[in-house]
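A short write-up of the structure that comes next.
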Amino acid sequence: MAMAKKARAIIIDSEFCKGCHLCTHICPHDVLETSDEVDNRGFYLPVVKDLESCRVCHLCEMHCPDFAIAVVEEE
Ligand code: SF4
Ligand code: SF4
């Protein structure tokens with residue numbers, strides 16, 4: 001039986017991310033949420049809420065206009 005894919009990490013590049021939250025909204029597994037803290041540019045960036053639920057579908061990466069999010073699959 002095939003095992004569900006799991007993520008080892010989700011990396012959000014705080015230099016390139018502009019907090020548009022396309023990734024947060026497109027994720028079918030509700031893995032990301034909006035940070036409570038504003039960054040030094042005035043943006044509320046996404047943060048990982050539930051890494052365990054990530055199924056490494058890469059939708060967040062495909063929809064990010066700024067190539068600012070990367071999902072690393074578990075070995
Ligand atoms: S890879 Fe898929 S499941 Fe994981 S955070 Fe991105 S959109 Fe959500
Ligand atoms: S889609 Fe990209 S730029 Fe927009 S919030 Fe997500 S990581 Fe940041």
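Bear in mind these aren't lab numbers, they're just calculated from the coordinates by the rules spelled out. Just so it is clear, the model here is predicted, and its values are computed rather than measured. Heads up, the Cβs are rebuilt from the backbone with ideal geometry, glycines too, and the neighbour counts pull from every protein chain shown.
Of Leu59, Leu22, Val72, whose Cα points farthest to the positive end of the dipole of the chain (charges on the beta-carbon: +1 Lys, Arg; -1 Asp, Glu; origin at the Cα centre)?
Leu59
Please give the charge dipole size of the chain, origin at the Cα centre, charges +1 on K and R Cβ atoms and -1 on D and E Cβ atoms. Round to the nearest 20 debye.
On the way: 7 positive and 14 negative charges, 42 e Å.
Approximately 200 debye in magnitude.
Tell me the mean residue ellipticity at 222 nm calculated for the chain from its helices only (DSSP H runs of n ≥ 4, each -39500 (n - 2.57), averaged over every residue, nearest 500).
-2500 deg cm²/dmol
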